[in-house]
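Let me begin by presenting the structure, written as structure tokens, before commenting on it.
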Amino acid sequence: MDQTSVRQVRSFNRTVVERIGALEDGFLGRGRPMGESRALWEIGPRGAEVRELRARLGLDSGYMSRVLQSLERQRLIKIEASPADGRVRRAQLTRRGVTERAELDHRADMVAWSFLEPLDTGSRSKLVAAMTEVERLLSSSMVTFAVEDPHTPEAQWCINQYFAELNRRFDAGFDPKRGIPAEPDELMPPAGALLIARLRGRPVGCGALKFHGRAPTELKRMWVSPDVRGLGVGRRLLVELERHAAEAGTRVVRLETNRTLTEAIQLYRSSGYREVTAFNDEPYAHYWFEKRITAPPGRSASR
């Protein structure tokens, strides 16, 4: 890693922390630390499940519990069991909490204005544009990838989102029963693998591999949520899938795709996939691609 880049990131972090007042005991002049104020904002008027709140804020369970207990003592929130599932705890703003959140919003607006007010119009535009780009890149860096059980509700949600998008975009719709299957059991190790991309704990993409012994590995179920497109998640997901395939001993990865998925076709071509003759009878496919991948150091590829 380039140490000059690391030093610049650290300098940027210090400047932001100083500028937003994160070092002060009473963030935004309200007598509580920044973490508690941020939790109030995240809970919002609709409330939030505690486990989702912890994931969004990136806090461990112990610290999250202390934050919520403090907000309860201040009578700003109440913790209740979810009506849908008594095992799930939900945080809700009290009337006092709603008022306090509105005051925090007002004060945060004033801090934002203090960034912009000293600058001329051109400099303001540059700062806002730079912040937009930094936020986009930071969000991208926060996306994580992991192999997960394809039977779980969140895994099935991702796959169903994938099916729904194909149904919207394909000229004649999409029926998963007509295509070549990739059932959950086929995506369980050692037969295959399902990777899920998450941002702040929320699933935002998926992709799968089907292994076939010494034959090429199939890449399946590649989907990225529309609200994170443009962050480079699809390319990173593809790299992760190829890495897992290589670690499993794969030498060649194959995939097929539909002509309406122009973004996917561009991604595959720019990632080194070459078009080949049809290698299966997938009824929805117009293009077939394959790519030879390199085995990781210390391992000889076999597939």
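Points to keep in mind about this one:
- Test for T94: is it among the hydroxyl-bearing types (S, T, Y), at pLDDT 90 or above, open to solvent by 50 Å² or more (accessible area, probe 1.4 Å) and more than 22 Å from E18 (Cα to Cα): no
- Residue count for segment 100-118, restricted to those that are under 25 Å from A55 (Cα atoms) and of a type outside the set (D, E): 4
- Residue in segment 269-276 that is assigned to a loop (DSSP other than H, G, I, E, B), among the basic types (K, R) and within 19 Å of T217 (Cβ to Cβ) present: no
- Only a single criterion out of (1) exposed (fewer than 12 other Cβ atoms within 10 Å of the Cβ); (2) under 17 Å from W223 (Cα atoms); (3) aromatic (F, W, Y) is not satisfied by W113, namely (2).
- Verdict on T277 being without any contact (Cβ under 8 Å) to a residue 40 or more places away in the chain and within 20 Å of F163 (Cα to Cα): no
The values are calculated or read from the model by the stated rules, or taken from the named source; none is laboratory data. All values derive from a computational prediction rather than experimental measurement. Neighbour counts are summed over all protein chains in view; Cβ atoms, including those assigned to glycine, are modelled from backbone coordinates with ideal geometry. Calculation scope for accessible area: heavy atoms of the full protein, side chains included, ligands and nucleic acids excluded. Shrake-Rupley method; radii C 1.70, N 1.55, O 1.52, S 1.80 Å.
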